[in-house]
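S.K.: There's a structure below that I have some questions on.
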Amino acid sequence: MPRLRLIAPAVPVLALALTACVPNSPTASSSATGGGALTVSSTADACTLSATSAPSGTLTFTVTNDGSQTTEFYLLAADGLRIVAEVENIGPGLSRDLVAQVAPGSYLTACKPGMVGDGIRASFTVTDSGTPVGPTGDVAAQLTAAEASYVAYVKDQVGSLITGTKAFAAAYTAGDDTTARSLYASTRVHWERVEPVAESFGDLDPLLDLREADLEAGQTWTGWHLIEKDLWQPTPAANGGVAYTPLTAEQRTTAANDLVAHTQELLDRVNAPGFTVAAFAISNGAKELLDEVATGKVTGEEEAWSHTDLWDFAANVDGAKVAYEVLADVVKEKDPQLASTLDTRFAALATQLAAYGSIESGFVTYDTLTPDQVRALAADVDALAEPLSTLTATVTSA
Amino acid sequence: MSEGPTTPTTPQDGGPRLSRRALLGWGGALAGLAAAGTGAAVVEGRRAAHPASAASPGLVHPFTGEHQAGIATAAQDRLYFAAFDLTTTSRDDVIALLRTWTVMAARMTQGLPAGPFGPVSGPYDAPPDDTGEAMDLPAAGLTVTFGFGRSLFVDEAGADRFGLAGRLPAGLADLPHFPKDALDPARSGGDLVVQACADDPQVAVHAVRNLARAAFGTAVIRWAQLGFGRTSSTSTAQKTPRNLFGFKDGTDNLKAESADLLDQHVWVPASAASADATAGVDSSWLTGGSYLVARRIRMTIETWDRSALREQERVIGRDKREGAPLSGGTEFTPPDFAAKGNDGSTLVNPHAHMTLGHPDQNGGRHMLRRGYNFTDGNDSLGRLDAGLFFIAFVTDPRTHYVPMQTAMARDDLLSEYLQHTGSGLWAVPPGVPDLPTGSDGSPALTADGPFVGQALFA
C-alpha cells in the first residue's frame, strides 16, 4: 500500500499501529505487503520472519515469542551496531508489535532469546517505495538537545520552588498567615510545572503533595495540603462534621521544616550528576500533566481548602507546553499535522484560561466558576490531552 | 421446589420452551419439570458446581439449599443491586419482610410471578401482585441473594436496633478509610442488601422492583446499581470477560469447581462463631454464609484511553490481547513475579494491579469476585460516569479484603485511574430450606414458613 502513503503521508504512526492489530497471515512472498505488516517468530534457535524485505515507510513487525525464554527483537543498521528499532522484554508466548519508520537500505534483523549475546541475525532489505520516510535531520542530536533543554528547565523551576518554599515556610512558622496565604499558590506553580519529575522519585511526591483523602488510616500527613488546610481552616460542615483543630505552633514548625527539607531533597536530586530526563519521559510527562489537570484541577479536587486550583491548572499546562516545545522540532518533522493541532489547542486553552487571570496577577478561585465555565475548560483540556497522548509514539518511532 | 436439591435446568433443551404464563397455567408442573428436566438432571447437593452456561436464557437456578444462590452460581451477565434502609422500628416487621421476600424470590427465580395471582389475574379492582414486565420472559438464570449490614444490628451510636446487637459477628465491622477513597454516603451502606443477577436485565430489575414494592412501610431503597457485562468468571466453563479498561478481569478468580477453596475462602466456618462466642456474641446464624463486599469503582476512562499500550500493560501486569502475565505464557499460566527483563527489573511490575491482587501476594488468600461493569451516563464535564461495580464474597473481610485493598489503594499503579465512590459490607446468611407450597405446587407465603436469615432472629 505504499501509494496510499504517498497520498496521505502524514498518517500518524498510531493509526497504523492500530490497523496492525488485525491478524495477518504471512504469504509465501518474500516481500511484505499490506501496509508493511510482518510477523516474526522467535524461538530458542530461530528467528523466522514472514518476509525478508519490505518497501520503505512504516513497518509493523508483530513479534511472537514462540520460545521458552524472554526475548527481544531488533532492527539493526547494516553495520550490525546501530539500533534502528527494538522491542524488548517479550515473555514466552506473548506477542508485541514493533512499529517503525524505515528508510530504504540494507538492515539486519535479530531475535535475542534470553536477552544475551548478539542474537539470531539475518539480512533484511528495505526497498524504495518512494514514500518519504521520517525526519531528514539528525533526530538523535535533536533529542539530546531536547533532553538538555528540559533538564535545565526542571532545575530552574525547582530552584524557584526552594526559594519560594523557604519564604512561605518562614511566614507560616512566624504566624504571618496573610503572607503565607499570598505565597501559597504562586510558589506551588513551580512544583506543578515539573510534577512528573517529582513523581518519578516515588517517595517525594506523597511527602510533599498528598491530599487528606489520599491518606491511609493512621498515616502521618505532611506537605503542602496539610498547611493549606491550616491556612484556610474549614467549617465543621466542610470537615466531615468535625470541628477543625488548628495546628499548634510546634506542629506548624514541624510541618514547615518538613516541607523545606523535602523540597531541598528534590533540589539535590535534580542537581545530582547524571540526572537526566529521557525524551520519552518528557513527552509522557506532558501527557501526565494534562491528566493531572483533567482529573484533579478542573474538578477542583486538588486545592480543596484554598480553591487555588487555577494556578495549578495553568502551571500544569505551562509544564506540558514546555515539554512539547523542547521536542517540537522533532514533532514538526515527523508529524507536522500533530504539531499544528497541538499549537492550536495549546493556544485555545491559554486563551480560555486567560479570561480568569494569570499566574503573575492571580486567578479567580475555583469556587467562583460556574458549572458551564468548568465544563468549557474541561472540554479544552480533553481536546488538548487527546492529541498530546500521541506525542511519545511520534517522538520515539525513529 | 419441595423436591430437595436440584441442578439448574434448561427447559428449552429438552422440550418446548415455557414462558412464565405457561408455567403459571401449568400450575404445579414446575416441580415435575425440574425433576424431569432434560433427562440429564443428576441429584446432587447445592455445594456442587452449576456447570451450565450463563448464556442460556431459560436457565433456572434452585433458590433453596445449603448456601444462597448467586455466590458460587456461574456469574450471569446482568446485575441489579439494591441496598435498603429499614424505616420500621419493629422486629416483627423485619421478620415479616424477610419472610415475604423469601417466598417472592423463590418464586421469581423459578420463572414464576412474584405473587400467587400474577400480573394479569386476581380481583379486577385490585392492583396485580406482580408488576408484569417479566411476563413472557424466562427465568434467565435469576438469582436473588440477601445480606445484612452492620446498621441492622446497631445504629451509628452503637445502640441496639432490633435486639440483634448480641448477634453481631466481629467480621461485620465498618471498613476502614482506604487511601484515595471518595465515598458518597448516598451510595454506601444499607441495612439490607439484595443482589439480583440474571442473563436478562429486565428480569433482574423486575425482581428488585417487586421486592421494593413489598417493602414499602418497612424498608426503602437507599441506593441501587445496575451492572452489565459480568467482569468475572465463577466457573471454569466461562470465558474470562473484559472490564471497561479492555483487559480480561478475574482470570485468577475462585471458581465454583474448587469446593475446597470455597470452604476455605468464601463460606463462614463454624470456628468463626466459636471465636465470637468467646466475646459473648452468638454469630452461629452466619455459619455457612459469607460476607459480601461491594465497591463502586469509577474508572477515569478518558485518561486511561489516552495511555500508551505499554503503560496499560505495565499497570495491569498482563498483556491486553490474551490476558497472559507479562512474564509469559497464556492467560492461565501462573505469573513469574521474579522473571526479569534486560534492564534487571521484573517483567511484571511489583506494583502492577495483578501483582497486588494475586493470592501469592496476599498470603494465599482468595476472594470470589462477582463484579460487573457499569455506566451511569455522564458527569457534568461530559465524561463517562463508568467503571466496575466490584463485588466479592469472602469468609472474613478482615483477612480477605481489608489487607489487599489497603495495599492496592496505596501501591497499585492502577489506582491512578480509579476512584472508589461507593462501598458496602453485608453478612450473607446461609441458604434457605425448602419452602411450603400452595395448592398449585409453587412456593407460598405462610405464617411460619422458613425465611432467609431465620436463625438470626431465632
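S.K.: Could you tell me which numbered condition residue B:423 fails, if it satisfies all but one of (1) in contact with a Leu (Cβ under 8 Å, 6 or more places away or on another chain); (2) at pLDDT 95 or above; (3) surrounded by fewer than 17 Cβ atoms within 10 Å (Cβ to Cβ)?
M.R.: Result: residue B:423 fails condition (3) only.
S.K.: Another question, then. Need the failing condition index for residue B:314 against (1) surrounded by fewer than 19 Cβ atoms within 10 Å (Cβ to Cβ); (2) farther than 22 Å from residue B:409 by Cβ, just the number.
M.R.: Status for residue B:314: all satisfied but (2).
S.K.: Filtering segment A:68-88 down to residues that are surrounded by 21 or more Cβ atoms within 10 Å (Cβ to Cβ) and touching a helix residue (DSSP H, G or I) at 6+ places or on another chain (Cβ under 9 Å), which residue is farthest from the other protein chains (Cβ to nearest Cβ)?
M.R.: Checking each candidate, the answer is A:71.
S.K.: Which of (1) acidic (Asp, Glu); (2) more than 14 Å from chain A (Cβ to nearest Cβ); (3) touching a strand residue (DSSP E or B) at 6+ places or on another chain (Cβ under 6 Å) is the odd one out, the single condition residue B:379 does not satisfy?
M.R.: (2)
S.K.: What number goes with the only condition from (1) more than 25 Å from the chain's Cα centre (by Cα); (2) away from chain B (no Cβ under 14 Å) that residue A:110 does not pass?
M.R.: Unmet for residue A:110, out of (1) more than 25 Å from the chain's Cα centre (by Cα); (2) away from chain B (no Cβ under 14 Å): (2).
S.K.: Only one of (1) more than 29 Å from residue B:76 (Cα to Cα); (2) part of a loop (DSSP other than H, G, I, E, B); (3) touching a residue at least 24 places away in the same chain (Cβ under 8 Å); (4) away from every other protein chain (no Cβ under 14 Å) is not met by residue B:158, so which one is it?
M.R.: (3)
S.K.: Here's another thing I want to ask about it. Test residue B:365 against the criterion of being part of a loop (DSSP other than H, G, I, E, B) and at the interface with chain A (Cβ under 9 Å from one of its Cβ atoms), and give yes or no.
M.R.: No; evaluated as a whole, the condition is false for this residue.
S.K.: Is it the case that segment B:304-314 has a residue that's modelled with pLDDT of 95 or more, in contact with a Ser or Thr (Cβ under 7 Å, 6 or more places away or on another chain) and among the charged types (D, E, K, R)?
M.R.: Within segment B:304-314, not a single residue is modelled with pLDDT of 95 or more, in contact with a Ser or Thr (Cβ under 7 Å, 6 or more places away or on another chain) and among the charged types (D, E, K, R).
S.K.: Something else about it: Which count do you get for residues in segment A:109-141 that are touching a Leu at 6+ places or on another chain (Cβ under 8 Å) and either surrounded by fewer than 15 Cβ atoms within 10 Å (Cβ to Cβ) or not aromatic (Phe, Trp, Tyr) (or both)?
M.R.: Number of matching residues: 8.
S.K.: Of all residues in segment B:297-337, which are at the interface with chain A (Cβ under 10 Å from one of its Cβ atoms), in a loop (DSSP other than H, G, I, E, B) and of a type in the set (A, V, I, L, M, F, W, C)?
M.R.: Listed by number, the residues that qualify are B:308, B:324, B:326.
S.K.: Further, regarding this structure: Could you say which residue among A:339, A:304, A:294 is over 17 Å from residue A:191 (Cα atoms), touching a helix residue (DSSP H, G or I) at 6+ places or on another chain (Cβ under 8 Å), of a type outside the set (Val, Ile, Thr) and away from chain B (no Cβ under 14 Å)?
M.R.: When all the criteria are applied, what remains is A:339.
S.K.: Out of all the residues in segment B:324-344, which are within 29 Å of the chain's Cα centre (by Cα) and crowded, with 18+ Cβ neighbours inside 10 Å?
M.R.: B:324, B:325, B:335
S.K.: Of these, A:343, A:268, which one is surrounded by fewer than 18 Cβ atoms within 10 Å (Cβ to Cβ), within 18 Å of residue A:165 (Cβ to Cβ) and not aliphatic (A, V, I, L, M)?
M.R.: Result: A:268 is the single residue among A:343, A:268 that is surrounded by fewer than 18 Cβ atoms within 10 Å (Cβ to Cβ), within 18 Å of residue A:165 (Cβ to Cβ) and not aliphatic (A, V, I, L, M).
S.K.: Right, something else. Report yes if some residue within segment B:77-89 is assigned to a loop (DSSP other than H, G, I, E, B) and either without any contact (Cβ under 8 Å) to a residue 60 or more places away in the chain or under 27 Å from residue B:254 (Cβ atoms) (or both); otherwise report no.
M.R.: Yes, there is a match, as at least one residue in segment B:77-89 is assigned to a loop (DSSP other than H, G, I, E, B) and either without any contact (Cβ under 8 Å) to a residue 60 or more places away in the chain or under 27 Å from residue B:254 (Cβ atoms) (or both).
S.K.: Turning to a different aspect of this structure: Return a yes/no flag: does segment B:90-98 have any residue that is without any contact (Cβ under 8 Å) to a residue 12 or more places away in the chain and within 17 Å of residue B:445 (Cβ to Cβ).
M.R.: Looking for residues that are without any contact (Cβ under 8 Å) to a residue 12 or more places away in the chain and within 17 Å of residue B:445 (Cβ to Cβ), one finds at least one in segment B:90-98, hence yes.
S.K.: In segment A:351-382, how many residues are more than 14 Å from every other protein chain (Cβ to nearest Cβ) and surrounded by fewer than 16 Cβ atoms within 10 Å (Cβ to Cβ)?
M.R.: 12
S.K.: Next up: Name the one entry in B:334, B:397, B:359 that is at pLDDT below 95 and farther than 20 Å from residue A:65 by Cα.
M.R.: Answer to the check: B:359.
S.K.: Something else about it: In segment A:199-235, what residues are over 32 Å from the mean Cα position of the chain (by Cα) and under 21 Å from residue A:365 (Cα atoms)?
M.R.: Within segment A:199-235, A:230, A:231, A:232, A:233, A:234, A:235 meet the criteria.
S.K.: Let me ask another. Condition check: in a helix (DSSP H, G or I), within 14 Å of another protein chain (Cβ to nearest Cβ) and of a type in the set (Gly, Ala, Ser). Does residue A:385 satisfy that?
M.R.: When the stated conditions are applied, residue A:385 passes them.
S.K.: Right, here's the next one. Please pick out the residue among B:387, B:357 that is within 14 Å of chain A (Cβ to nearest Cβ) and either farther than 30 Å from residue A:377 by Cβ or touching a residue at least 60 places away in the same chain (Cβ under 8 Å) (or both).
M.R.: B:387
S.K.: Out of (1) closer than 30 Å to residue B:315 by Cβ; (2) within 16 Å of the chain's Cα centre (by Cα); (3) surrounded by fewer than 21 Cβ atoms within 10 Å (Cβ to Cβ); (4) modelled with pLDDT of 85 or more, the odd one out for residue B:288 is which?
M.R.: Here residue B:288 meets the rest and fails (1).
S.K.: Take residue A:292 and tell me if it is farther than 30 Å from residue B:300 by Cβ and assigned by TED's automatic domain parsing to the domain that holds residue A:200.
M.R.: Considered against the rule, which asks whether it is farther than 30 Å from residue B:300 by Cβ and assigned by TED's automatic domain parsing to the domain that holds residue A:200, residue A:292 comes out as no.
S.K.: Would you be able to tell me the number of residues in segment A:121-160 that are among the charged types (D, E, K, R) and either more than 28 Å from residue A:102 (Cα to Cα) or assigned to a helix (DSSP H, G or I) (or both)?
M.R.: Matching residues across segment A:121-160 total 3.
S.K.: How many residues does segment A:271-294 hold that are over 8 Å from the mean Cα position of the chain (by Cα) and either closer than 13 Å to residue A:384 by Cα or crowded, with 19+ Cβ neighbours inside 10 Å (or both)?
M.R.: 7
S.K.: Considering segment B:368-401 alone, what residues qualify as being over 19 Å from residue B:194 (Cα atoms), part of a strand (DSSP E or B) and touching a Ser or Thr at 6+ places or on another chain (Cβ under 9 Å)?
M.R.: Answer for segment B:368-401, where residues must be over 19 Å from residue B:194 (Cα atoms), part of a strand (DSSP E or B) and touching a Ser or Thr at 6+ places or on another chain (Cβ under 9 Å): B:384, B:385, B:386, B:387.
S.K.: Determine, yes or no, whether residue A:292 is over 30 Å from residue A:143 (Cβ atoms) and modelled with pLDDT under 95. I'd like the intermediate steps shown before the answer.
M.R.: Numbers: over 30 Å from residue A:143 (Cβ atoms): no; modelled with pLDDT under 95: yes.
Taking the combined requirement at face value, the residue does not satisfy it.
The values are calculated or read from the model by the stated rules, or taken from the named source; none is laboratory data. For clarity, every value in this text was computed on a predicted model and none was experimentally measured. Quick reminder, even Gly has a Cβ in these numbers, built from the backbone with ideal geometry, and neighbours come from all protein chains shown.
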